[in-house]
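The values are calculated or read from the model by the stated rules, or taken from the named source; none is laboratory data. Keep in mind that this is a model prediction, so the values were computed, not measured. We place every Cβ from the backbone using ideal geometry, glycine too, and count neighbours over all the protein chains shown.
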């Protein structure tokens, strides 16, 4: 059945049809823009053999929020594509790392700008591109490079997605989105790269036309399902990170 | 923790921040580099860029006044300076790859005399933490590194060649350690300024390659 409205009444319903084996990207950089509620719903929905795309697998900070590590612990993940399989500081341990080290879950480690650009390319019909990033490193070993105007570049391929889970501050019923501050991060590019983008929204969703066309950050054509985040504790909201003593 | 000798973490960051020129766009990495934003830079106009797309952030937000949707690269809740802008991640790395970053400051495990550096993977580790480091290293106009001069067991971190997997090759132009301010020369390191309480001989003993010393070697100004 085709649903005409983009408004979904619950996270559970919005993720119910996600099949095993899907490639799903999660927006977010640290707390801002991370679709915690959709991740939690996916944990309960139980789809397996997933390939997940995100900046990090999460779990290094307190309080711990819904993250890729939890989906891995729940046996739902085959592979992760991300910029961190380990934390920046060697003393921080990601829950994901032990599953990766034991070979239970595969991972593709991608420089953060290359990760973003691979999704931008997928959404913009560019099959591959050359970048100077990672040239001369272990990541470039055995891969195609090309010298252009005297500088060496590495070939990187577009990364298309089945689903993007994103979070925004404001949405209208046409799916047009606005983000608040650093909430934006990967979310707009992931939305363009996905066949189906599901967005969790902070504020009450407004009628189409309420956001001026000039003020839209992500056009509604890229957004297929909207779910309003309920107040805490039912809804999950960014929390203040607990700073560790160093 | 900072070493037992020489500069503390904030003093290392201060020394690097004094290199920033009026009008520069600067990216600060996680850890000690973040502390460059605490340095009093006088009337110089510096725009701090964070890889998550925040251009023009200011200091850390006061307790109780944090916007939980506004963070720097280290995930700290920061403030915005007048004139700030936010772009998405692909555009933020377009800023980086496009050559719009005048300087990036990063931490590292090792820096080589040829300007290679390593900061994403430990020896024998499967995977690692790259984040935005490889993009910044390859594309910022200047790469400055801040690190402790020696490891916990006393081995040099300024080495002839990195034995850890590198982040980029031949890009580092300035290195601040707790012992001094250095430049890779290809055959060693040039000591530009020395930390209070250190001697050239002490530094030479724990630095890879040939240590050359700037004419009229100055002591790094600290405090005040």
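Quick notes
- Matching residues, the stretch A:1-36, being over 13 Å from the mean Cα position of the chain (by Cα) and buried (at least 23 other Cβ atoms within 10 Å of the Cβ): A:11, A:14, A:15
- Residue check, residue A:27 under 29 Å from residue A:140 (Cα atoms), within 11 Å of chain B (Cβ to nearest Cβ), in contact (Cβ under 8 Å) with a residue 12 or more places away in the chain and touching a helix residue (DSSP H, G or I) at 6+ places or on another chain (Cβ under 6 Å): yes
- In a residue-by-residue description of the stretch B:48-58, the property of being out of contact with any strand residue (DSSP E or B) (no Cβ under 6 Å at 6 or more places or on another chain), within 7 Å of another protein chain (Cβ to nearest Cβ), farther than 19 Å from residue A:35 by Cα and surrounded by 23 or more Cβ atoms within 10 Å (Cβ to Cβ) applies to at least one position.
- Considering residues of the stretch B:78-89 that are buried (at least 23 other Cβ atoms within 10 Å of the Cβ) and out of contact with any strand residue (DSSP E or B) (no Cβ under 6 Å at 6 or more places or on another chain) only, the residue farthest from residue A:54 (Cα to Cα): B:88
- Candidates in the stretch B:16-47 are the residues that are part of a helix (DSSP H, G or I) and away from chain A (no Cβ under 14 Å); of these, the one that is surrounded by the fewest Cβ atoms within 10 Å (Cβ to Cβ) is B:38.
- Residue list for the stretch A:68-91, restricted to those being in a loop (DSSP other than H, G, I, E, B) and either farther than 23 Å from residue A:185 by Cβ or more than 9 Å from every other protein chain (Cβ to nearest Cβ) (or both): A:74, A:75, A:76, A:90, A:91
So that you can scan it fast, the table gives a plain yes or no per residue for (1) farther than 19 Å from residue A:112 by Cα; (2) within 10 Å of chain B (Cβ to nearest Cβ); (3) surrounded by fewer than 24 Cβ atoms within 10 Å (Cβ to Cβ):
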position: A:144; (1), (2), (3): yes, no, yes
position: A:164; (1), (2), (3): no, no, no
position: A:169; (1), (2), (3): yes, yes, yes
position: A:180; (1), (2), (3): yes, yes, yes
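- Residue among A:139, A:115, A:154 that alone is surrounded by 15 or more Cβ atoms within 10 Å (Cβ to Cβ), in contact (Cβ under 8 Å) with a residue 12 or more places away in the chain, in a strand (DSSP E or B) and within 10 Å of chain B (Cβ to nearest Cβ): A:154
- Residue match in the stretch A:202-224 (condition: at pLDDT below 95 and assigned to a strand (DSSP E or B)): no
- Members of the stretch B:4-15 found to be surrounded by 18 or more Cβ atoms within 10 Å (Cβ to Cβ) and in a loop (DSSP other than H, G, I, E, B), listed by number: B:6, B:7
- Taking the listed residues A:241, A:184, the one that is farther than 23 Å from residue A:24 by Cβ, in contact (Cβ under 8 Å) with a residue 60 or more places away in the chain, within 14 Å of chain B (Cβ to nearest Cβ) and within 21 Å of the chain's Cα centre (by Cα) is A:241, with no other qualifying.
- Strands (runs of 3 or more DSSP E) fully within the stretch B:94-164 counting 1 or more residues that are farther than 23 Å from residue A:107 by Cα and facing chain A (nearest Cβ under 10 Å): B:103-107
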